[in-house]
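K.L.:
Let me begin by handing over the structure; questions about it come next.
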Amino acid sequence: MDVETFLTELYVMVDEYCKAHVPPRVAPGPAPSLCESEVMTLAIFSQWGWFASERQFYRYAAKQLRPLFPGLPVRSQLNRLIRKACASLIGFGLAVAQQLRRPDDCYEALDTMGCRVRNVNRRGRGWLAGICDRGYCNRLRLFEGFQVMTACTPQGLLTGFGLAPASTKEQPMAETFLAARACQHPRLPEVGQPSNCYYVADNGFCGRTRHARWQADYDATVITPPQRHQARHPWPKWLRRWHASLRQIVETTHTKLLCTFRLDRDRPHDLQGFRARLGATVSLHNFCIWLNHRLGRDWLAFADLVDF
């Protein structure tokens with residue numbers, strides 16, 4: 001599919017969502033040069049890994065996409081418009097997931113991934129001092145940035161996400177994630193809708209007392225393998241392998257977000273900007289699944305979807 005056709009498909013779907021769910025903005029001063037649908041379309045499209053950076057995308061848009069977006073402002077103003085559209089970007093991505101979600105899905109895979117915002121060896125406090133910090137993940141080892149938690153269906157649809165400083169442990173992060181889902185906290189719309197199915201996670205989320213509390217307070221059943229050195233009744237090998245095969249989809253989804261899209265190369269300077277770009281990345285992921293489904297392709301076949 002060529003770029004213009006992809007952008008047309010994306011814009012039509014985004015515009016339908018905005019007309020149905022986004023109230024018109026009333027603000028003093030002159031009207032922005034781009035409407036909400038155009039801002040969201042550019043923000044979502046810019047997350048492709050084909051663009052090495054935000055600057056490269058803007059150069060591409062100014063040169064190639066000007067006929068489609070004649071009101072394209074300067075880069076700094078476009079960034080401000082994207083930050084203002086943060087809630088709409090998050091809502092659009094989760095709405096696409098709910099549209100494609102199958103009623104017979106019996107579980108969601110829950111896991112975290114590290115997202116760095118600067119080199120861990122650099123001196124100074126950086127742009128996000130007091131918001132992000134140093135932590136550890138198996139992929140990056142020691143890094144400075146955020147821990148991002150995601151929940152996805154067996155088909156790879158992202159139904160919710162959240163972020164915390166890199167030093168945050170998985171158990172308290174899951175506690176906040178499930179609590180925000182249960183009460184639908186208005187300041188955390190990215191966690192998504194509460195789910196009636198099971199949550200499958202690795203042993204970083206283990207704890208029998210904790211699981212019982214989550215079940216009682218949030219109606220969330222989390223299934224994790226027990227710690228081998230602490231379990232009285234360890235799982236047999238075949239059960240561990242089957243559980244790991246269920247969780248494989250979340251690893252595949254994280255690879256898509258980090259590599260196919262450019263989440264791993266973002267170096268944000270503002271928390272709202274990172275939330276907006278994370279919401280745009282999730283929206284692009286779910287929209288590509290929707291488009292592949294409509295075209296009769298494999299849902300996660302992103303590499304040859306757009307002919308750049």
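K.L.:
Can you spot a residue in region 71-80 that is surrounded by 15 or more Cβ atoms within 10 Å (Cβ to Cβ), under 28 Å from I131 (Cα atoms) and touching a residue at least 40 places away in the same chain (Cβ under 8 Å)?
P.N.:
So far as region 71-80 goes, yes, one or more of its residues are surrounded by 15 or more Cβ atoms within 10 Å (Cβ to Cβ), under 28 Å from I131 (Cα atoms) and touching a residue at least 40 places away in the same chain (Cβ under 8 Å).
K.L.:
Separate question: Just the residues that are among the hydrophobic types (A, V, I, L, M, F, W, C) and surrounded by fewer than 20 Cβ atoms within 10 Å (Cβ to Cβ), please, taken from region 34-64.
P.N.:
Looking only at region 34-64, we keep the residues that are among the hydrophobic types (A, V, I, L, M, F, W, C), and these are 34-35, 39-40, 42-45, 48, 50-52, 57, 61-62.
The answer is C35, W50, A52, A61, A62.
K.L.:
Oh, and also: Please enumerate the residues belonging to region 198-225 that are among the hydrophobic types (A, V, I, L, M, F, W, C) and not in a loop (DSSP other than H, G, I, E, B).
P.N.:
V200, F205, A212, W214, A216, V222, I223
K.L.:
Which members of region 145-178 meet the condition of being among the hydroxyl-bearing types (S, T, Y) and either buried (at least 24 other Cβ atoms within 10 Å of the Cβ) or within 10 Å of the chain's Cα centre (by Cα) (or both)? Step through it out loud before you land on a result.
P.N.:
Taking region 145-178 as the starting set, the residues that turn out to be among the hydroxyl-bearing types (S, T, Y) are 150, 153, 159, 167-168, 176.
Those that are among the hydroxyl-bearing types (S, T, Y) and either buried (at least 24 other Cβ atoms within 10 Å of the Cβ) or within 10 Å of the chain's Cα centre (by Cα) (or both): T150, T159.
K.L.:
Let me ask something additional. Tally the residues that are assigned to a loop (DSSP other than H, G, I, E, B) and either among the β-branched types (V, I, T) or at pLDDT below 85 (or both), restricting the search to region 105-120.
P.N.:
Of the residues in that region, 1 qualify.
K.L.:
Right, here's the next one. What residue, among those in region 196-222 that are closer than 20 Å to M113 by Cβ and in contact (Cβ under 8 Å) with a residue 60 or more places away in the chain, is surrounded by the fewest Cβ atoms within 10 Å (Cβ to Cβ)?
P.N.:
G204
K.L.:
Those residues that are in contact with a Cys (Cβ under 9 Å, 6 or more places away or on another chain) and at positive phi, I need them from region 1-39; list them, please.
P.N.:
Residues satisfying the conditions do not exist here.
K.L.:
From the list R208, R240, R247, R187, which one is of a type in the set (K, R) and under 20 Å from R275 (Cα atoms)?
P.N.:
R187
K.L.:
Look through region 279-299, keep the residues that are touching a strand residue (DSSP E or B) at 6+ places or on another chain (Cβ under 7 Å) and farther than 18 Å from R102 by Cβ, and return whichever of them is surrounded by the most Cβ atoms within 10 Å (Cβ to Cβ).
P.N.:
Among them, the one singled out is V282.
K.L.:
While we're looking at this one, here's another question. Of everything in region 254-288, what is assigned to a helix (DSSP H, G or I) and either of a type in the set (D, E) or farther than 15 Å from F161 by Cβ (or both)? Give them in sequence order.
P.N.:
We begin by selecting, within region 254-288, every residue assigned to a helix (DSSP H, G or I); these are 254-260, 263-265, 271-288.
Listed by number, the residues that qualify are T255, C259, T260, D264, R265, Q272, G273, F287, C288.
K.L.:
Please identify the pairs in which a residue from region 138-164 that is of a type in the set (A, V, I, L, M, F, W, C) has its Cβ atom under 7 Å from the Cβ atom of a residue that is at pLDDT below 95 and part of a loop (DSSP other than H, G, I, E, B), counting only partners at least 6 apart or on another chain.
P.N.:
L142/V120; F143/V120; F143/A166; F146/A166; A151/G192; L157/R101
K.L.:
Same structure, new question: Check every one of the helices (runs of 4 or more DSSP H) wholly within region 1-84 and list those with 3 or more residues that are within 24 Å of K256 (Cα to Cα) and either in contact with a His (Cβ under 6 Å, 6 or more places away or on another chain) or not charged (D, E, K, R) (or both). Spell out the reasoning first.
P.N.:
Numbers: elements: 3-21, 36-45, 54-64, 75-84.
Result: 3-21, 36-45, 54-64.
K.L.:
For region 122-137, what are the residues that are in contact (Cβ under 8 Å) with a residue 24 or more places away in the chain and either under 20 Å from H185 (Cα atoms) or among the basic types (K, R) (or both)?
P.N.:
R134
The values are calculated or read from the model by the stated rules, or taken from the named source; none is laboratory data. Predicted, not measured: the structure shown is a model, and the values here were computed from it. Glycine also receives a Cβ, built like all others from the backbone with ideal geometry; neighbour counts cover every protein chain displayed.
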